[in-house]
Amino acid sequence: MITIIAAVAANRAIGFENKLLYWLPNDLKRFKALTTGNTIIMGRRTFESLPKGALPNRRNIVISRTQSEFPGCDTYNSLEEAIGHCSSDEDIYILGGASVYEQALPIADRLCLTEIHDTPKQADAYFPEYKGWHEEKREEHTTDEKHNQAYAFVDYVK
Ligand SMILES: NC(=O)c1ccc[n+]([C@@H]2O[C@H](COP(=O)([O-])OP(=O)(O)OC[C@H]3O[C@@H](n4cnc5c(N)ncnc54)[C@H](OP(=O)(O)O)[C@@H]3O)[C@@H](O)[C@H]2O)c1
C-alpha cells in the first residue's frame, strides 16, 4: 500500500523556504502514529528540512539525483527505484515534498491529509490538485490552546 501523507492549507500550500507552514501537535502525533514501524520516502529537500535528520523507528528512504548518502537513510535516484526496493508487505508513506507528491499521486493508493482551514501569507511549495479522489473519512478539529488553526484529518482513496 502506498499512502501520501501531507498537511495542506486551504490553497494547497505545504511549505515556505523549506519549512512547514503550521505547528499542529495533533498532526505531528497522527503522523508519528501512522508512519512509525513503516517505510517513509521523501525528497532530498524534505530530508534537509528535518531538524534531527532521519526519523526514528521507521525505514527512511531519500530520493536524490545529486547525493547518494544521507545518514540513517537508504537512498535511490528515482521514486520508481525506491519503491522497487520495497517489499510487497511494506506500508509505504510518501512524505513529500511538492515534487515527490506530484510524482507519487498517480501511483498512490491512499491520501492521509491534514487539511488546514487557513491560507498562509507566504508559500512556495504546493500539494498537487487531488480532485477525483474519493473522501473516505473526515475528522474535523476546532482551534484550541495548542492549535491556532482549525483542521481536519481526511483520508481519500482512488
Ligand atoms: N506540509 C507537508 O506535509 C510537507 C511535507 C513535506 C515537505 N513539505 C515542504 O515541501 C517543501 C519541499 O518540497 P520540494 O518540492 O521543494 O522538495 P522535495 O520534493 O522534498 O525534494 C526535491 C528533491 O528531491 C529529489 N528528487 C525529487 N524527485 C526525484 C526523482 N524522481 N528522482 C531522484 N530524485 C528526486 C531531488 O533531489 P536532488 O536535487 O538532490 O537531485 C529534488 O531536488 C518544503 O517547504 C517542505 O517544508 C511539506
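Derivation of every value follows stated rules applied to the coordinates shown; laboratory data play no part. Note that the coordinates shown come from a computational prediction; the quantities given were computed from them, not determined experimentally. Here the Cβ positions follow ideal geometry from the backbone for every residue, glycine too, while neighbour counts run over all protein chains shown.
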Between K131 and F16, what is the spin-label point distance in nm, taking each point 7 Å from the Cα along the Cα→C-beta axis?
2.7
Rounded to two decimals, what is Rg over Rh for the range 2-157 when you use alpha-carbon atoms and the Kirkwood radius?
0.94
Keeping to pairs on different chains or 8 or more places apart, tell me how many lysine pairs in the chain have Cα atoms under 28 Å apart.
26
I'd like the GluC sites (Glu not before Pro) in the range 76-122 restricted to DSSP loop residues with at most 15 other Cβ atoms within 10 Å, sorted by number.
E90
Pairs of alpha-carbon atoms within less than 8 angstrom and 6+ residues apart define the contacts here; what relative contact order does the chain have, in percent?
33
Would you mind telling me the antiparallel percentage of the DSSP bridges in the chain, rounded to 5?
45
In degrees from 0 to 90, rounded to the nearest 10, what is the angle of the helix 25-35 Cα long axis to the longest principal axis of the chain?
30
Residues other than Q67 with Cβ under 15 Å of its Cβ, Lys/Arg counted +1 and Asp/Glu -1, net out at -1
Using modelled backbone amide H atoms (1.01 Å from N, in-plane), which distant-in-sequence or interchain residues come within less than 5 Å of N38's amide H?
R59
Under a point spin-label approximation (7 Å from Cα along Cα-to-Cβ), what is the R65-H117 distance to one decimal in nm?
4.1
Whole-Hz couplings from phi, Karplus 6.51/-1.76/1.60, listed for the range 38-44; x for Gly and Pro
10, 10, 10, 10, 9, x, 4
Using alpha carbon centers only, the range 13-42 is separated from the range 94-139 by a whole-angstrom value of 12
Can you compute 3J(HN,Hα) from phi for each residue in the range 108-124, using the Karplus curve 6.51 cos²θ - 1.76 cosθ + 1.60 with θ = phi - 60°, rounded to whole Hz and x for Gly and Pro?
7, 9, 8, 10, 10, 9, 9, 8, 8, 7, 7, 10, x, 5, 9, 7, 9
